[in-house]
């Protein structure tokens, strides 16, 4: 055992006055009473939990769709769901997993944990943050409601034109998709702005830029990427909606447009998107690893540099989704080289994980098992990724099951596994519950085995000529055995996810044991506060002296008056929610900022936008007008001084 | 391509294919155990283009396998150490490795294994201190963790991150880039004047082929001569499709507003299958085509025969069927050259009976499937743009006779 002093102990008051202040702070940061209070809550913990819960439900829906598809493909000439349903299923599976599960789930983790990790009390713009959630929920429900009208989107999550133009897709299917996606993208951009501002201005005093946890770095990089990646898709979808609704010809070759414009806009978003989903998950994995190995992440600075490098390089790769569209070889070769380049920072990160574990002091909690599973799966996905970056090889396997396998190795390995591990690791701080290790390990084993059985054979299927997005195949092509194995694997993984969900639910039963403040011996300051985090996060301002404030023996909570700068944030003043804002690089205390609380206007604004979207969907000019007026009204009321 | 290269290339290709062939045999035999007999494998090649790509695949496959095994071995080291330590902890109760533990680390109370320490120090100047040390901050540990030796830890970090994460990957990737570009050049689509040109047009959900040199129009079964450079000009009537025959060459998309080139030559006669490879709507799964490679003289004969107008109906019944073809509106969409039917929307039926498959390669061309296609096109292929036709039996039989006589 170490003889280091442990000064960063629980954030508890030592005087009767402190206890009373704590009580008052709790009141101040709590939600207002009643249902409207619950609706109008905009504290980052409420919003983060909502994101995580909603995204988890969407994951179960998307996963169920995947199992329906695998059932259809289990045997040749099957007619379990049929062509039309199958096309809707694969479109919605992709859209849900991309837009409604991974990104919002990771955003939920960022919104909940980044302020805690950085020592802030809330996001910098709490009401905008709440709006981000409502927009995500609204867009998601809008997208899913298409099933009720039998008009689920059926043109793939990539929505290539001209198949998505009015002439080939006259129903409402694509309008549901386009409008829903615009809404979700707005939510994404809003959340990203929050995270970037939070990262630069809301860090605890002393948390200089070099002491920021890797998790927070990854959150900032992914959010900055969203700011550059999502707007092109918003523009792209709006142009397509204009093509569909009022007959413009942005993507119509006959009208002087270009269908490839859509592919460029889409993949300019779509390629960074996969890294947007990977990078925060890497942050979760890094947080788990350093705690499970009881030491700092090895090569911390190169890892952060690699994350930033991936964020920048990922914008130079989009054409590797388009090798077969007839772009000349010299141009595509440049994208091969660029795609290879991104393997280097990825390799650095994987090696840093191994170096962190090197001396063999790993505690094999379920969370760490998921991190190990992530490395085993993700490295294989990375290797096939380098393969498909090669133009002639990609000409063969592009749009086959080889790509399906590669993409799931990267996304499930790189995002889903760290997310599941993140649940095990962060649940104490999230809800105060702890998941059972025994059940957790069974679920991990089933997920790991099921995943590999489901997706490894698909590499071979692709090389045997099985194209993507086919709802049936005939007998005698040599695909039967591998498809059956793949389906069996998907069922096993389905059971794994089911066990995981049961574990999650059991952890929240009334009689379940409650988590201590720091069950794992964590390194970052969120483990210094209660589990779950109290309404105000920290009563006393944390002062951070290293990247691992819980371990360094010097970081501490500042008592009022003991530091020259310390204003009395440990007691509510003027009845206003306050947070300390610090400078961007050195985290010197700069000023105290008042944060808004409870508001229903973000919700009302979302509803107004939804009215507008439904109007556009149904070509109802009246609804469009009402929606627009309501949007302006809600925005004005939201911003009006003194209106709550 | 200059003369010298042209001379050398086929040998290289053949060598590559032989190598590829033995690997393929290995893989195939392994998979036969699992009950697979792939019909359209991209590794079972019949063209130099696919052969080159298959050779490239085996190169990147073995390279990738080695990289994966090495990374997994590196990952196994700490996992194995941890498992041993935990086992030792259960046995001894103190969580430390037993004295006979071969994997004794530098953090061990007994000190690092003596033989390794000086060697590391000797090499430190060369290997362990690349441009800048990875990290010179003191190692932060959880208060209750055991501290590994800082120097040894720094060495491990440097080696793994610099060599495993940057230097070796950079060398491997550069090698790969050279191999990729060599293959790219050898399989690139560079049309030349003497190529046999075929226009292939994608439709929802079938393939139309025009042979401008022979005045031939056909559908879904594209005949080509062997050992001849073929230049496909790919375009589309409606949405994006993608032309792919795995055993011959990689895929190229068919995109509105542009013509994409595809150049290959087939070395072995045979029927080679391929799906549409870009999602194109409801019946995307059932949009199949065959590339039929024939010896040049056989191809010549085929083209002559296809260029001729349709055969005259030979029986009374078939003549009656020709009337039905017009009466039931078949001729509104389908062309039969020589019989005054100029539809131009659906596949050209002038020589329907010479094709082996129906409805874009998804059913054999026999009376039973022809009947189904006419009466219930969606039963055969959901999303088929062909409308169902109500035809009483006494009219259907002559129609079928007529269609089966279109040789």
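When peptides A:78-88, B:47-57 are sorted by average Cβ neighbour count within 10 Å, with the highest value leading, the order is B:47-57, A:78-88.
Give the angle, between 0 and 90 degrees and rounded to the nearest 10, that separates the Cα long axis of helix A:480-507 from the longest principal axis of the Cα atoms of chain A. Tilt of helix A:480-507: around 20 degrees. Computed from the Cβ-Cβ distance with R0 of 22 Å, the FRET efficiency linking residue A:474 to residue B:404 stands at 0.40. Taking every C-alpha pair closer than 8 Å and separated by at least 6 residues, the mean separation divided by the residue count of chain A gives a relative contact order of 21 percent. The Kirkwood radius of the protein assembly as shown, taken over pairs of alpha-carbon atoms, gives through the Stokes-Einstein law at 20 °C and 1.002 mPa s a diffusion coefficient of 68 µm² s⁻¹. Taking every residue in B:169-178 and counting other chain Cβ atoms within 10 Å of its Cβ, the average works out to 4. What whole-number distance in Å separates the alpha-carbon centres of the range A:210-244 and the range A:279-302? Each part reduced to its Cα centre gives a spacing of 24 Å.
Please report the orientation-averaged projected area of the range B:316-404, defined via the convex hull of its C-alpha atoms, in nm².
5.3
I want to verify the translational diffusion coefficient of the range A:398-445 in µm²/s; compute it with Stokes-Einstein, Rh as the Kirkwood radius over Cα pairs, at 37 °C and 0.692 mPa s. D, rounded to a whole number, is 264 µm²/s.
Per residue, the protein assembly as shown reaches -18000 deg cm²/dmol at 222 nm when only DSSP H runs of four or more residues are counted, each adding -39500 (n - 2.57). Exposure proxy for A:491, B:272: other Cβ atoms within 10 Å of each Cβ, ordered fewest to most, give A:491, B:272. As a calculated quantity, the FRET efficiency between residue B:323 and residue A:149 at R0 = 41 Å, using C-beta atoms, amounts to about 0.35. When both the range B:41-90 and the range A:619-644 are represented by their alpha-carbon centers, they are found 57 Å apart. Estimated translational diffusion coefficient (Stokes-Einstein, Kirkwood radius over Cα pairs, 4 °C, 1.567 mPa s) of the range A:133-278: 78 µm² per second. Size estimate for the range A:581-634 follows the Kirkwood approach: the inverse of mean 1/r over distinct Cα pairs works out to 13.6 Å. Pairwise Cα separations in the range A:43-117 fall into 10 Å bins from 0 onward with the following percentages, short to long: 21, 37, 22, 14, 6, 1. Specify the angular offset, from 0 to 90 degrees and rounded to the nearest 10, of the alpha carbon long axis of helix A:329-341 from the longest principal axis of the alpha carbons in chain A. The angle comes out at about 30 degrees. Zone of residue A:17 (label point 7 Å along Cα→Cβ, backbone N under 13 Å): which residues in the range A:581-621? Hits in the range A:581-621 for residue A:17 at 13 Å: none.
Principal-axis analysis of the Cα atoms of chain A puts helix A:16-29 at an angle of about 30° to the longest axis.
Taking every residue in A:324-330, how many Cβ atoms of other protein chains lie within 10 Å of its Cβ, on average?
Details: counts 12, 9, 11, 1, 2, 7, 1.
Mean partner shielding for this stretch: 6.
Shape class of the range A:308-374 from the alpha-carbon gyration tensor: prolate, with a/c at 1.5 or above and a/b greater than b/c.
Neighbour counting of Cβ atoms within 10 Å sorts the residues B:279, A:473, fewest neighbours leading, into A:473, B:279. Exposure proxy shown here: for B:289, B:251, the number of other Cβ atoms within 10 Å sets the order, fewest to most, as B:289, B:251. Residue by residue along A:84-94, Cβ atoms of other protein chains within 10 Å of the local Cβ number 1 on average. For the range B:196-307, the equivalent ellipsoid built from the Cα gyration tensor has semi-axes of 22, 14, 13 Å, listed from largest to smallest.
Values in this text are rule-based calculations from the coordinates and carry no lab data. Because the structure is a prediction, the values reported are computed rather than measured. Please note: Cβ atoms are built from the backbone with ideal geometry, for glycine as well, and neighbour counts cover all protein chains shown.
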